[in-house]
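Student: Provided herewith is a single structure, encoded as structure tokens, for subsequent inquiry.
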Amino acid sequence: MKKTILSILVFLFCVLVNAQYQEGVQVEKLLQTDTTVIGQKLAYPKTDNAEFTMAKVIVPVGKQTGWHKHEIPVFAYVLKGTLIVELEDGSKNIYQSNSTISEVFDTHHNGYNAGTEDVELIAIYLGVKGELLSEKK
């Protein structure tokens with residue numbers, strides 16, 4: 001019974017999302033979350049100068065981002081390659097192509113490419129005009 005109800009709800013959600021566009025347009029939700037990858041509750045910056053930044057980031061084979069942190073919500077979609085992100089506590093998360101990231105904030109981390117092809121990702125920063133997107137350690 002629960003599976004039937006859940007299936008109906010998922011179906012209705014898909015119908016409602018796709019009903020917003022013309023026939024043939026497909027919408028695939030990639031990420032919907034209220035926390036970062038380590039469970040931090042998301043909080044938008046309180047400002048009258050909000051600024052949205054979308055960037056393509058390329059991490060060549062053998063390279064790393066360097067230790068840094070964000071004070072703002074950051075999300076990413078890995079287009080290509082495998083990105084390993086190490087946190088201050090030594091834990092690591094691995095993101096392969098076609099995966100999403102709800103990045104940590106106020107926590108230093110380092111992304112690196114130990115693979116055989118460049119990592120390419122699209123990063124989305126919900127920031128404040130005139131403020132840094134990330135801070136080096």
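The values are calculated or read from the model by the stated rules, or taken from the named source; none is laboratory data. The shown structure was predicted, so the numbers you read here are calculated from the model rather than taken from an experiment. Ideal geometry is used to build each Cβ from the backbone, glycine not excepted, and the neighbour counts take in all protein chains shown. Ligands, DNA and RNA are excluded from the accessible area calculation, which covers all protein heavy atoms including side chains. Shrake-Rupley method; radii C 1.70, N 1.55, O 1.52, S 1.80 Å.
Student: If TRP67 meets every condition in (1) among the aromatic types (Phe, Trp, Tyr); (2) under 24 Å from ASN113 (Cβ atoms); (3) modelled with pLDDT under 90 apart from one, which number is that one?
Tutor: (3)
Student: I'd like to verify a number: residues in region 51-60 that are open to solvent by less than 80 Å² (accessible area, probe 1.4 Å) and not acidic (Asp, Glu), how many?
Tutor: Matching residues across region 51-60 total 5.
Student: May I pose another question? Residues that are open to solvent by less than 40 Å² (accessible area, probe 1.4 Å), more than 17 Å from VAL57 (Cα to Cα) and in contact with an Asp or Glu (Cβ under 8 Å, 6 or more places away or on another chain): does region 108-125 have at least one?
Tutor: Yes: one or more hits.
Quick grid of which residues meet (1) in a loop (DSSP other than H, G, I, E, B); (2) closer than 28 Å to GLY81 by Cα; (3) out of contact with any Cys (no Cβ under 9 Å at 6 or more places or on another chain); (4) not hydroxyl-bearing (Ser, Thr, Tyr):
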{"residue": "GLU23", "(1), (2), (3), (4)": "yes, no, yes, yes"}
{"residue": "VAL27", "(1), (2), (3), (4)": "yes, yes, no, yes"}
{"residue": "GLN32", "(1), (2), (3), (4)": "yes, yes, yes, yes"}
{"residue": "VAL37", "(1), (2), (3), (4)": "yes, yes, yes, yes"}
{"residue": "PRO45", "(1), (2), (3), (4)": "yes, no, yes, yes"}
{"residue": "GLU51", "(1), (2), (3), (4)": "no, no, yes, yes"}
{"residue": "MET54", "(1), (2), (3), (4)": "no, yes, yes, yes"}
{"residue": "ILE58", "(1), (2), (3), (4)": "no, yes, yes, yes"}
{"residue": "VAL61", "(1), (2), (3), (4)": "yes, yes, yes, yes"}
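Student: Now a separate question. Quick one: LYS63 ticks every box in (1) touching a residue at least 60 places away in the same chain (Cβ under 8 Å); (2) open to solvent by 50 Å² or more (accessible area, probe 1.4 Å) except a single one, so which number is it?
Tutor: (1)
Student: Of the residues LEU79, LEU83, which is surrounded by 18 or more Cβ atoms within 10 Å (Cβ to Cβ) and either modelled with pLDDT of 95 or more or of a type outside the set (A, V, I, L, M) (or both)?
Tutor: Going through LEU79, LEU83 in turn, the sole match is LEU83.
Student: While we're looking at this one, here's another question. Please enumerate the residues belonging to region 68-102 that are touching a residue at least 12 places away in the same chain (Cβ under 8 Å), assigned to a strand (DSSP E or B), touching an Asp or Glu at 6+ places or on another chain (Cβ under 9 Å) and more than 15 Å from ILE122 (Cα to Cα).
Tutor: HIS68, LYS69, VAL85, ASN93
Student: Six or more apart or on different chains, Cβ atoms under 7 Å: show the pairs whose first residue is in region 36-48 and within 22 Å of GLU131 (Cα to Cα) and open to solvent by 70 Å² or more (accessible area, probe 1.4 Å) and whose second is part of a loop (DSSP other than H, G, I, E, B) and at pLDDT 90 or above.
Tutor: Within 7 Å, the pairs are LYS41/ASP34; TYR44/PRO73.
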